[in-house]
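For reference, the structure discussed in these notes is given below.
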Amino acid sequence: MSRERQINIALVIVLLTVPLWAWIKDEPFTLTLCTRMAILALAGVGLNIALGLGGLVSFGHAVFFGLGGYTMGILASHAQTYSPLMESPFLIEGTKSMPIIWLIATAVSALVAFLIGALSLRTSGVYFIMITLAFGQMFYYFAISWPAYGGEDGLSIYVRNGFPGLNTLDPVQYMVLTYALLGIALWFFSRLANSSFGLTLNAARQSPGRVQAVGIRPFKVQLFAIVISAAITGLAGALFADLNRFVSPTMFSWQTSGEIMIFVILGGVGRLFGPVAGAALFVFLEHQLGGLSEFWHIYLGLILLGVVLFARGGIVGTLAESGLKRG
Amino acid sequence: MKFSKLTFTAALALALSATNASADLKVGMITTLSGGGAGLGIDVRDGFMLAVEQSGVEGLSVVIEDDQRKPDVAVQLADKLIQSEKVDVLTGIIWSNLAMAVVPSTTAQGKFYLSPNAGPAALAGKGCHANYFNVAWQNDGLHEAAGEYANKAGYSNSFIMAPNYPAGVDALTGYKRMFNGEPAGELFTKIGQNDYAAEIAQIRASDADSVFFFLPGGMGISFLKQYANSGLDLPLIGPAFSFDQGILQAVGEAAVGVKNTSQWNKDIENPANMAFVKSFKEKYDRLPSLYASQGFDTANLLLSAMATADVNDQDAFRTALEAADFESVRGEFAFASNHHPIQNIYVREVIKEGDVFTNKIIETALIAHSDVYAADCSF
Amino acid sequence: MSLMLVFEQILNGIQFGVMLFLMAAGLTLVFGVMGLINLAHGSLYMIGAFAAAAVANATGSFLLALAASLGVAAAAGALVEFLVIRRLYNRDHLDQVLATFALILIFSEGTRWLFGSFPLYLDIPDYLKGAVILPGGLQYPLYRLTIILIGLLVAIALYLLIAKTKIGVRIRAGENDREMIAALGVDISKLYTAVFAIGAALAGLAGALVGAVQSVQVGMGEPVLILAFVVIVIGGIGSIKGAFIGALLVGLTEKLGSILLLALLSSFLEPAQAKSIAMMFSSMLIYILMAVVLVVKPSGLYGRRV
């Protein structure tokens, strides 16, 4: 068994034990934190497809996170007030059903990603980073100045949406749901990475010329990667909104894009469990450091800096490499 | 932060904190303590804790958390305080958008929320709740007073502007509700905007006789400094948020003489206020701000209710809060039917006292004022 | 919409653009020469403003304050370059983004720890206060004209530095071929520190100049940082000329865009509707501009294909 695999298994055990313990000891907030971790990790898994497998540094994944969130917010708020979204040419009504919301959230994110991706892929390198950032800012300012759904104040949904057969308001059940989705996404990621599509994507990252030479357009492969990546991040956005029962334009902000990117880099770019490790550490630090000092951002900054400078390849990468050297 | 307590240390330590039953009443304070808007949260916290300390009450514990001015963090902290710290009362939020994110779910979970600052219209009317009390103002209040003052001063076409977000819309609505004249121009600016050259150009191009603006915090500082150098000399009116103790020193001479509206000032003459200003200065070595006074009043309201009722008897505790039987530093204070204040709102003028820029009350704009949304509210 | 208003907005756009150029010049130099994405450039802007405010309050001299902003920001830049940044030159952009993001956190909260949570006072000196009357009768703040002048002087100085001096030759050589210049015996690490410090000093100067008419507070650098990135990307990364053109384009779009958009929409929509739509899109305009430029010219206006 490879060292990385051992690390992944250890991580899974820890991330399953913590909520189990919290459940036994009746500590609902720890469950909420685990849920938050799983959702952020899911967003990271999405980005990891574009970033890790495709080498496409998107600084605008908050667009999809926010779209997922607003899909949930808009549908649920219409369902709450029994006012249809649209009456002509055909009737669209709101819904409080999670599976439908998820479906629409992923579809909307994928569609927007197709458009943004098609335009952004004309550029590369730093220009790609910056054009995706520009799209993020457009959505951010649009959400702030569009008054219909709360503008800067955002939208509150008083009751979490429903999932058939589950009581989603119960922290444990909602957590299990997000863990399950994260598990499916991880399984999907590992299948994708080893599929012929994944290999082509990897090749397009390393030497676009050769891929072109065998008759595949790198553009097509990369665009497809962005679309899948966005769909998963969009799903995470819908879940995140449901966790907080609230959406706001902050979900679209460049800081959100930056944070999703941080989960991936912190954990290990391209590593299967990278985003999971990154999100877990981030959520842990946020809550651990917040109580230590009013100026806890300094410590967070120092830790992040330490990871970049001394732990190349992120947490998972560093642990796996150190194992290789020893073994 | 000696009052702050950290519960989430590690999964293993969680078992210990679950059985904390000695406290009679536990308050969770979620406020902004880091980042650009921290000054306001720190003032609310300091005012609140000053009152708690002065009371010397046993059995009141306060857990303080930093929301970083992020709504999703605030929501999550509210979950934490309710689920894990098992607080009875939440308070502390500064910004309307964070309040909109936290208050509805807090009251839905059967907890009390006392607002020391934000008062969005949505929570005063149809969205009101029996367990939500606002100890500061409904957002429109100070702007309505500004409109009333403009009438008295004889202005008939003010140029009005505010940031493009719900509290900004509330501001302009509030001003226009009282203002008898016709606005010469109406502008929504960007949130966090710091360059007002374009707006000043548009004011110049209009035929306004006065300017009303609501630009809280850094935005107001920037506007005032730029306005002072623009060659324009139309009179300015605004709510207290751009003229507060914390930021006046940063504006400097540019603010002197400007009229602004507030429900509190340090020169309101009543024993509670004089004692508050003195003890705040002694303890923290700075003059208290509007926000500090609101934090102080919030704590005293809570303490007054605690003295007569047990928080576990929700109906009795609610009645005790409704009575508002405490010495407010702003003088007379009562709750309207929607649990928002009935209070006087004054006009202040910025003056220089020695080296320090501060405010002086020059007249009363509105007497025993309450908001228009109370009619829509039924519990 | 009067012609006078348009004229005033053009001046405002130029002033804003020139200020953005001060920020963008350093950013684009650092990227062009060292290949580094520096998110912490906005922190240097903030440091300049705080240094200026501290010195102005202590001495009462605005010129000393400006000098302090240049000096302190350059020193902070050189220090950060020495401690952290130089370890990032050979890393990919991702590591650079994360590390400089971490630096933002450290700088922002460090500044708050030093100076407290309230905005600082910094005002323009009496001799630059008030408005002047321009030909045509427009009243315009003297200080804003001064910023335009300083910005143009800096642009010329930068041009001369790069075109005519020894260090300029090395900077240009460094942009073209990093290994070659090291092989020629130029102390590359000293060159890098110098370039970084120059960029930091310009950002610090921008912070001080702007801080005098805005609010000097923690976090003031981030919105400007994003705009500076927009500028260098529109102009083409690494190109000082591109940064200058890009800065003016962004400045003019920002200040003129909303009133032109409103005028355009008002011609066929009802006033209230035109106003609300114009407002919604005016804050997105510069990002739309950037996306359009990149779609048409994927390496910016004056960039080399990367």
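Regarding B:M1, is this residue modelled with pLDDT of 90 or more and either under 24 Å from A:Q255 (Cβ atoms) or among the hydrophobic types (A, V, I, L, M, F, W, C) (or both)?
So B:M1 fails the test.
So, of the residues in the range A:23-37 that are touching a helix residue (DSSP H, G or I) at 6+ places or on another chain (Cβ under 6 Å) and over 25 Å from A:I260 (Cβ atoms), which turns out to be farthest from the other protein chains (Cβ to nearest Cβ)?
A:W23
Only residues that are within 26 Å of C:G236 (Cβ to Cβ), more than 12 Å from chain A (Cβ to nearest Cβ) and not hydrophobic (A, V, I, L, M, F, W, C): list them for the range C:255-291, please.
Within the range C:255-291, C:K255, C:G257 meet the criteria.
Residue by residue, here is whether (1) surrounded by fewer than 24 Cβ atoms within 10 Å (Cβ to Cβ); (2) over 24 Å from the mean Cα position of the chain (by Cα) holds:
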position	(1), (2)
A:L11	yes, no
A:L15	yes, no
A:W21	yes, yes
A:A43	no, no
A:L67	no, no
A:T71	no, no
A:A76	no, no
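Tell me, which strands (runs of 3 or more DSSP E) lie completely within the range B:132-216 with 2 or more residues that are more than 30 Å from B:T91 (Cβ to Cβ) and without any contact (Cβ under 8 Å) to a residue 40 or more places away in the chain?
B:185-189
For the range C:248-286, what are the residues that are within 27 Å of the chain's Cα centre (by Cα) and small (G, A, S)?
Within the range C:248-286, C:G251, C:G257, C:S258, C:A278, C:S282, C:S283 qualify.
Applying the selection to the range A:139-154, what residues are within 14 Å of chain B (Cβ to nearest Cβ), hydrophobic (A, V, I, L, M, F, W, C) and surrounded by 23 or more Cβ atoms within 10 Å (Cβ to Cβ)?
A:A143, A:I144
Just for the range B:193-249: of the residues that are at the interface with chain C (Cβ under 8 Å from one of its Cβ atoms) and of a type in the set (D, E, K, R), which one is surrounded by the most Cβ atoms within 10 Å (Cβ to Cβ)?
Per the stated criteria, the residue is B:K225.
For (1) of a type outside the set (S, T, Y); (2) in a helix (DSSP H, G or I); (3) touching a Lys or Arg at 6+ places or on another chain (Cβ under 8 Å); (4) farther than 14 Å from A:N161 by Cα, each residue gets a yes or a no:
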| residue | (1), (2), (3), (4) |
| --- | --- |
| A:G60 | yes, no, no, yes |
| A:G69 | yes, yes, no, no |
| A:G73 | yes, yes, no, no |
| A:A76 | yes, yes, yes, no |
| A:A79 | yes, yes, yes, no |
| A:P84 | yes, no, no, yes |
| A:G94 | yes, no, no, no |
| A:A107 | yes, yes, no, yes |
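Among the residues of the range B:141-184 satisfying the criterion of being of a type in the set (S, T, N, Q) and surrounded by fewer than 18 Cβ atoms within 10 Å (Cβ to Cβ), which is nearest to B:A122 (Cα to Cα)?
Ranking the candidates gives B:T173 first.
Looking at A:Q288, A:Q255, can you tell me which residue is over 23 Å from A:V63 (Cα atoms), within 13 Å of chain B (Cβ to nearest Cβ) and not aliphatic (A, V, I, L, M)?
It is A:Q288.
Name the single residue, out of those in the range B:250-283 being away from chain C (no Cβ under 14 Å) and of a type in the set (D, E, K, R), that is farthest from B:V356 (Cα to Cα).
Restricting to residues being away from chain C (no Cβ under 14 Å) and of a type in the set (D, E, K, R), the top hit is B:E269.
Can you work out which of the residues in the range C:111-127 that are assigned to a helix (DSSP H, G or I) and buried (at least 17 other Cβ atoms within 10 Å of the Cβ) is nearest to the other protein chains (Cβ to nearest Cβ)?
By that ranking, first place goes to C:R112.
Out of the range B:337-374, which residues are outside any strand (DSSP E or B) and free of Cβ contacts under 8 Å to residues at least 24 places away in the same chain?
Matches in the range B:337-374: B:G354, B:D355.
Inside the range B:24-111, counting only helices (runs of 4 or more DSSP H) that do not spill past its ends, which hold 1 or more residues that are more than 14 Å from every other protein chain (Cβ to nearest Cβ), modelled with pLDDT of 95 or more and out of contact with any Lys or Arg (no Cβ under 9 Å at 6 or more places or on another chain)?
Hits in the range B:24-111: B:38-55.
Every residue in the range A:121-149 that is part of a helix (DSSP H, G or I), among the hydroxyl-bearing types (S, T, Y), more than 20 Å from the chain's Cα centre (by Cα) and under 23 Å from C:G303 (Cα atoms), please.
A:Y127
Quick check on my filter: what residues within the range A:258-285 are more than 12 Å from every other protein chain (Cβ to nearest Cβ) and either surrounded by fewer than 20 Cβ atoms within 10 Å (Cβ to Cβ) or free of Cβ contacts under 8 Å to residues at least 60 places away in the same chain (or both)?
Matches in the range A:258-285: A:L281 only.
Restricting attention to the range C:77-107, and to residues there that are facing chain A (nearest Cβ under 7 Å) and not aliphatic (A, V, I, L, M), which single residue is farthest from A:I298 (Cα to Cα)?
C:H93
Which of the residues that make up the range A:291-314 are assigned to a loop (DSSP other than H, G, I, E, B), within 7 Å of another protein chain (Cβ to nearest Cβ) and not hydrophobic (A, V, I, L, M, F, W, C)?
Start the filter on the range A:291-314 by keeping residues that are assigned to a loop (DSSP other than H, G, I, E, B), which leaves A:291-295, A:311-313.
Of the ones still in play, those that are also within 7 Å of another protein chain (Cβ to nearest Cβ) are A:291, A:294-295.
Once the filter is applied, which keeps residues that are assigned to a loop (DSSP other than H, G, I, E, B), within 7 Å of another protein chain (Cβ to nearest Cβ) and not hydrophobic (A, V, I, L, M, F, W, C), the range A:291-314 yields A:G291, A:E294.
Would you call C:S108 part of a loop (DSSP other than H, G, I, E, B) and among the hydroxyl-bearing types (S, T, Y)?
No, not satisfied.
Taking the criterion of being within 30 Å of B:S34 (Cβ to Cβ), charged (D, E, K, R) and in contact (Cβ under 8 Å) with a residue 40 or more places away in the chain, would at least one residue in the range C:211-222 satisfy it?
Within the range C:211-222, one or more residues are within 30 Å of B:S34 (Cβ to Cβ), charged (D, E, K, R) and in contact (Cβ under 8 Å) with a residue 40 or more places away in the chain.
The values are calculated or read from the model by the stated rules, or taken from the named source; none is laboratory data. No experiment lies behind these values; they were computed from the predicted model shown. Methodologically, a virtual Cβ is constructed for each residue, glycine included, from the backbone with ideal geometry; neighbour enumeration extends over all protein chains shown.
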